[in-house]
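See structure below.
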Amino acid sequence: MISRHALPVKLKFLGTRGEIDVRTRRHNMHTSLLVSYRGADVMIDCGLDWLGKFERLHPAAIVLTHAHPDHAWGLQGGAPCPVHAPEKTWQTLKNCKVEDRHVISERVPTEICGIAFEAFPVEHSILARAVGYRVSAGHACIFYGPDLLFIHDRGAALKDVPVYIGDGATLTRSFVRKRGDRLIGHAPVRTQLTWCAKEGVARAIITHCGSEIVTGDQRKLAGKLRAMAAERGVEACIAHDRMELTLR
């Protein structure tokens with residue numbers, strides 16, 4: 001008999017494209033991750049590409065990282081399941097007719113369909129405040145942060161996390177802007193790999209891909225990423241739409 005805690009967690013990258021105009025077969029849909037555990041599927045983020053389409057996935061719940069169009073506007077017509085998000089996201093998300101709304105408190109693990117989600121504030125946008133999620137079930141644990149410049153309390157967010165799933169807006173180029181005294185934007189993949197090395201995260205998967213990745217030579221990009229990761233003692237790859245991963 002298999003114990004509850006030994007059951008696998010399955011990840012499916014439903015979409016891996018950031019808020020860019022170009023799209024390919026590998027990176028076609030707005031970034032979204034499906035986390036499956038004990039027969040329940042929880043969808044993280046539901047961008048505009050998913051409007052009128054995500055219902056066919058039959059998610060048991062939806063969790064949002066922030067209110068930007070490519071992460072939340074697929075819910076403009078509502079949702080057939082509960083939707084969970086931090087209070088700041090609900091305050092910003094005015095154009096979505098979600099009836100079954102639930103608030104996720106920051107830094108408090110919240111169980112959704114048997115999966116624990118702990119929201120960590122991340123710097124990304126002033127108007128649409130964002131979080132990344134430490135997601136755990138059974139023996140599996142990941143950190144999921146598709147849009148971020150840096151993680152507040154990074155040590156706690158990545159402590160004992162074997163898999164980091166992060167922001168692919170740019171591999172090495174700076175994507176930082178200043179608004180008043182605040183920095184906003186995206187951390188390069190190179191910087192995120194350094195975070196993983198410092199916090200002992202063995203594996204990094206890059207999603208929410210920008211133009212550099214989506215339009216680039218996939219073989220060369222994969223080689224460049226592997227080399228950057230190897231320099232830091234980390235294993236890394238670029239996710240693509242429909243990519244699946246099983247964690248035990």
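The values are calculated or read from the model by the stated rules, or taken from the named source; none is laboratory data. Keep in mind the model is a prediction, meaning the values are calculated, not measured. Ideal geometry is used to build each Cβ from the backbone, glycine not excepted, and the neighbour counts take in all protein chains shown. Keep in mind that these areas ignore ligands, DNA and RNA; they rest on the heavy atoms of the full protein, side chains included. Shrake-Rupley method; radii C 1.70, N 1.55, O 1.52, S 1.80 Å.
Couple of notes before you dig in:
- Once C-alpha pairs closer than 8 Å and six or more residues apart are averaged by separation and normalised to the residue number of the chain, the relative contact order reads 20 percent.
- The stretch 191-248: C-alpha gyration tensor shape, a/c 1.5 cut-off, then a/b vs b/c: oblate
- Computed from backbone phi with θ = phi - 60° and the Karplus coefficients 6.51, -1.76 and 1.60, the 3J(HN,Hα) list for the stretch 176-181 is 10, 10, 10, 10, x, 9 Hz; x is used for glycine and proline.
- Normalised per residue, the accessible area of the chain is 45 Å², obtained with a 1.4 Å probe and no contribution from ligands, DNA or RNA.
- Rounded accessible area of Ser174 (nearest 10 Å², 1.4 Å probe): 80
- Nonpolar atom fraction for the stretch 142-248, defined as the carbon and sulfur part of the 1.4 Å probe accessible area, stands at 49 percent.
- Tensor-based shape of the stretch 143-227 (alpha-carbon gyration tensor, a/c under 1.5 rounded, otherwise prolate or oblate): oblate
- Distance between modelled label sites at Arg38 and Thr194, nm, 7 Å Cα→Cβ extension: 4.1
- Sequence-separation-based contact order of the stretch 124-248, relative, with Cα cut under 8 Å and 6+ spacing, percent: 23
- Cα gyration tensor category, rounded, prolate or oblate, for the stretch 1-111 with a/c compared to 1.5: oblate
- Three semi-axes of the equivalent ellipsoid, the stretch 121-184, Cα gyration tensor, whole Å, largest first: 24, 13, 9
- Given their separation in residues at 0.36 nm each and the Cα-Cα distance between them, Lys224 and Lys159 gain 20.7 nm when the chain is fully extended.
- Along the chain, longest interval not containing exposed GluC sites (Glu not before Pro), exposed being DSSP loop plus at most 16 other Cβ atoms within 10 Å: 100-248
- Cα centroid separation - the stretch 106-170 against the stretch 53-90, whole Å: 17
- Of Thr246, Thr65, the residue with the largest accessible area leads and the full order is Thr246, Thr65 (1.4 Å probe).
- For the chain, Kirkwood radius (reciprocal of mean inverse C-alpha pair distance, Å): 17.9
- Near the amide H of His124, within less than 5 Å, lie the amide hydrogens of Ala130, Leu149, Gly185, all on another chain or at least 5 residues away, with H placed in the peptide plane.
- Annotation note: trypsin sites (Lys or Arg not before Pro) in the stretch 25-82 located in DSSP loop regions with a Cβ neighbour count of at most 11 within 10 Å are Arg25.
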